[in-house]
Structures are given as structure tokens and as C-alpha cells.
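Note sheet for the following structure.
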Amino acid sequence: MKLFETTHTFFYNWSHVSAANWCKYPNEKCPHVIAIDVLDRHVDPETGILRTERLITCQQNVPRLLSRLCGGNSVIYAREVSEIDPKNKVLRMTSCNLSMNNLINVSETVTYTEDPSDSSKTLFKQEARIKCGESISRFANYIEDFFIQRFRDNAAMGKQGFENVLDRLTGQGETLLLHKKV
Amino acid sequence: MSQSIGRSCDELKKEYDTCFNKWYSEKFLKGDLRPECEEIFKKYRDCVLNAVKNKNIDKLLGEARKDDPF
């Protein structure tokens with residue numbers, strides 16, 4: 001099993017970040033995310049928490065071993081469940097792969113919280129766990145290393161892509177022109 | 001805006017996302033929790049669930065929901 005963790009501070013307030021979260025895709029830094037759909041959504045009337053279930057469709061190269069075991073399909077589906085607590089300013093999202101889950105389990109938790117020392121900033125934390133199934137345990141190290149590196153690359157691109165989205169939504173800088181091109 | 005898993009659902013998705021994003025910023029974040037966009041969401045979701053079934057992902061989703069119910 002391999003673990004991955006990263007943190008970041010966005011120089012935008014939590015409300016702006018949580019709203020921009022719904023507009024994160026498409027962005028030019030994350031072409032592997034090709035579709036996102038909301039499957040279910042409701043507000044808990046007691047807690048005021050907005051809970052959303054989404055289906056994410058990705059297209060990305062996977063190790064040939066996995067590709068062969070899955071009939072050469074490079075389209076991967078993942079399920080994301082998120083909770084937004086507007087009173088405490090917490091957005092938490094958990095996602096895991098649906099495709100290939102008998103071979104490998106990739107689960108990720110992302111949280112966005114208001115910086116307690118500066119309400120104009122938002123703290124971001126991302127944790128991922130990658131574990132191969134028993135049937136391919138011989139190759140676990142190689143496969144898990146591949147996915148950790150992929151995760152690291154996607155996380156870096158994702159952060160940059162989200163910064164662009166945040167800039168665009170506040171109408172700042174040349175990223176507005178980039179969006180118009182798309 | 002991002003695409004849908006079912007390309008025929010793209011327009012419904014766009015309509016729903018637009019409605020939801022407006023509600024989220026102008027109502028939800030300001031403390032008004034009354035749901036909106038329900039009619040368009042139903043149409044959009046029906047389209048998506050149909051696409052999910054056509055692509056045989058419904059069983060995978062069902063299993064994932066058992067482990068972590070929505």
C-alpha cells in the first residue's frame with residue numbers, strides 16, 4: 001500500500017473556493033477528466049450540510065498489465081461523495097475508483113477549510129491511499145508506484161488548474177483570456 | 001462547463017449546472033437552504049442514470065454505495 005499527502009494554501013476566501021470547486025472542470029491542466037455528473041444531492045435540513053454524489057469519468061494511460069486485465073480500456077470511472085458545511089466553512093470530498101476495483105483501490109480525501117489565522121485564505125489538504133488487490137500482489141510495488149507518481153503529477157496539475165479557475169472566476173489576470181480560448 | 005458521461009445529456013447538464021451554481025452562491029452560501037433546480041435536476045439525472053446503465057456502470061455504483069451509502 002502506498003500513501004500520498006499534500007497541502008496547499010489558496011489565496012481566496014473559503015466561499016469563493018467552495019463555489020469554484022463546482023467549476024473546476026474542464027481545465028486545461030486536467031485533460032484526463034473528461035466528464036463529471038451529479039448523481040444525487042441534498043441538503044440536510046438539521047445540519048445545513050450539502051451532500052453531493054458525483055460520477056467522474058477519466059481517460060488516462062494505465063500500466064499495460066492493468067490495461068490487459070481490463071480489456072485495454074483506458075476510461076476509468078470514480079465515485080465522489082462530498083459534504084459542504086457552510087457554517088463551519090468545511091468542504092470535504094472523498095472519491096474512489098469504480099473501474100478496476102478488483103485489481104486496485106485508489107481512494108482520495110480532499111478538504112478545504114478556512115485558514116483560522118486569515119479568513120481571506122483557504123487551506124487545502126489531499127490524502128490518497130493506493131492498494132493493489134491480492135490477484136496482482138506480485139506486481140503491487142510496480143503498480144502502486146506508477147499510481148502514486150500519477151497521483152503526484154495530477155495533484156500538481158490539479159492545483160495549478162484550480163488556481164486558474166479561481167483567477168478566472170474573479171476576472172483576474174490573463175487566465176481570463178485562456179478561458180475564452182477554451 | 002464539463003461534459004456528461006452521456007453526450008445526449010450535455011444540454012440538460014449545462015442547464016442544471018447553471019441553475020445550481022447560481023443557487024449555491026446566491027442562496028445556499030447566504031444561509032437560504034431551500035432547494036431549487038429540482039425539476040431540471042430530475043430530467044438531467046434521469047438522462048445520466050440511463051447512460052450509466054447503458055455503459056454497465058450501474059452495478060459498480062451499486063456495490064460502492066453498499067460500502068458507503070449516500
Check: In percent, what relative contact order does segment A:2-181 have, based on Cα pairs under 8 Å that are 6 or more apart in sequence?
Finding: 26
Check: Pick from B:36, B:26, B:11: which is most flexible by mean-square fluctuation in a GNM of chain B where alpha carbon atoms under 10 Å apart are linked?
Finding: B:26
Margin query: Which GluC sites (Glu not before Pro) in segment A:30-116 sit in a loop by DSSP (not H, G, I, E or B) and have at most 13 other Cβ atoms within 10 Å of their own Cβ?
Written below: A:46
Notebook entry, point to check: Using a simple charge model, +1 on the beta-carbon of Lys and Arg, -1 on the beta-carbon of Asp and Glu, nothing else, what dipole does chain A show about its Cα centre, in debye to the nearest 20?
Noted result: 520
Note to self: Just to confirm my numbers, what's the Cα centroid distance between segment B:19-66 and segment A:1-77 in Å?
What the structure shows: 15
Margin query: Considering all alpha-carbon pairs of chain B, what whole percent are spaced by more than 20 angstrom?
Written below: 44
Checklist line | Contact order normalised by residue count of chain B, Cα under 8 Å, 6+ apart, percent | finding: 37
Next item on the list: Report the convex hull volume per residue for segment A:1-89, counting only C-alpha atoms, in Å³.
Entry: 156
Margin query: Pick from A:123, A:50, A:166 the residue whose mean-square fluctuation is largest in a GNM of chain A, springs joining Cα atoms under 10 Å.
Written below: A:50
Next item on the list: Hey, can you grab everything whose amide H is under 5 Å from the amide H of residue A:98? Only 5+ residues off in sequence or another chain; H modelled, so Pro and N-termini drop out.
Entry: A:77, A:78, A:79
Check: Which whole number in µm²/s is D for the protein assembly as shown by Stokes-Einstein, with the Kirkwood Rh taken over Cα pairs at 37 °C and 0.692 mPa s?
Finding: 172
Note to self: With 10 angstrom as the radius, rank B:4, A:67, A:137 by how many other C-beta atoms surround their C-beta, starting from the fewest.
What the structure shows: A:137, A:67, B:4
Note to self: Counting only helical runs of four or more DSSP H residues, what would the 222 nm mean residue ellipticity of chain A come to if each run contributes -39,500 (n - 2.57) and the total is spread over all its residues?
What the structure shows: -9000 deg cm²/dmol
Next item on the list: For segment A:35-44, just list the computed ³J(HN,Hα) in residue order, Karplus coefficients 6.51, -1.76 and 1.60, θ = phi - 60°, integers in Hz, with x standing in for Gly and Pro.
Entry: 7, 9, 10, 8, 9, 7, 6, 7, 9, 6
Notebook entry, point to check: Under a 5 Å amide H to amide H cut-off, with H placed in plane at 1.01 Å, what residues pair with residue A:115 once short-range neighbours are removed?
Noted result: A:121, A:122, A:123
Checklist line | Within a Gaussian network of chain A (alpha carbon springs, distance under 10 Å), most fluctuating of A:82, A:95, A:120 | finding: A:120
Item checked: Hull volume in cubic angstrom per residue (convex hull over the Cα atoms of segment A:1-150) -> 121
Note to self: In segment A:22-51, whose amide N lies under 11 Å from the spot 7 Å out along Cα-to-Cβ of residue B:14? List them in ranges.
What the structure shows: none
Margin query: Checking the cross-link filter: which lysines have an alpha carbon closer than 25 Å to that of residue B:42, excluding same-chain neighbours under 8 positions apart?
Written below: A:24, B:13, B:14, B:22, B:27, B:30, B:53, B:55, B:59, B:66
Notebook entry, point to check: What shape does segment A:5-51 have by the C-alpha gyration tensor, where a ≥ b ≥ c are the square roots of the eigenvalues, rounded means a/c under 1.5, and otherwise prolate means a/b greater than b/c and oblate the rest?
Noted result: oblate
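Read-outs: derived from the displayed coordinates by stated rules, not from any lab. Keep in mind the model is a prediction, meaning the values are calculated, not measured. A quick note on method: Cβ atoms are made from the backbone with ideal geometry, for glycine too, and the neighbour counts reach across all protein chains shown.
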